[in-house]
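One structure is given here, and the rest of the page talks about it.
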Ligand SMILES: [Zn+2]
């Protein structure tokens, strides 16, 4: 629901139904179930049920794949930048 503050700025407060996941051990709130699983394994590793542990292993693989793709994109971007700069410098040195 959109509301206006006293200074005229619009803001929205999430309703309770939109808060999807809450940690049962420390009551932190997370927007997605994946975030809750990562939080539980990193903050309460000894108190996690076995299903959470298995889910964490699956999510970790997916997450590491995404991270690998991200690193590949960053490396490609750096290579393109360096090649572009070398190309420009070559024209400057010749001309
Ligand atoms: Zn917690």
Quiz prompt | Candidates 46, 6 - the one that is loosely packed, with under 10 Cβ neighbours inside 10 Å and within 16 Å of the ligand (Cβ to nearest atom) | solution = 46
Quiz prompt | Scan of the range 21-34 for residues that are surrounded by 13 or more Cβ atoms within 10 Å (Cβ to Cβ) and away from the ligand (no atom under 11 Å from the Cβ), ordered by number | solution = 34
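Only the coordinates and a few stated rules stand behind these numbers; no lab work does. All values reported here derive from a predicted model rather than from experimental measurement. Cβ atoms come from the backbone with ideal geometry, glycine included; neighbour counts cover every protein chain shown.
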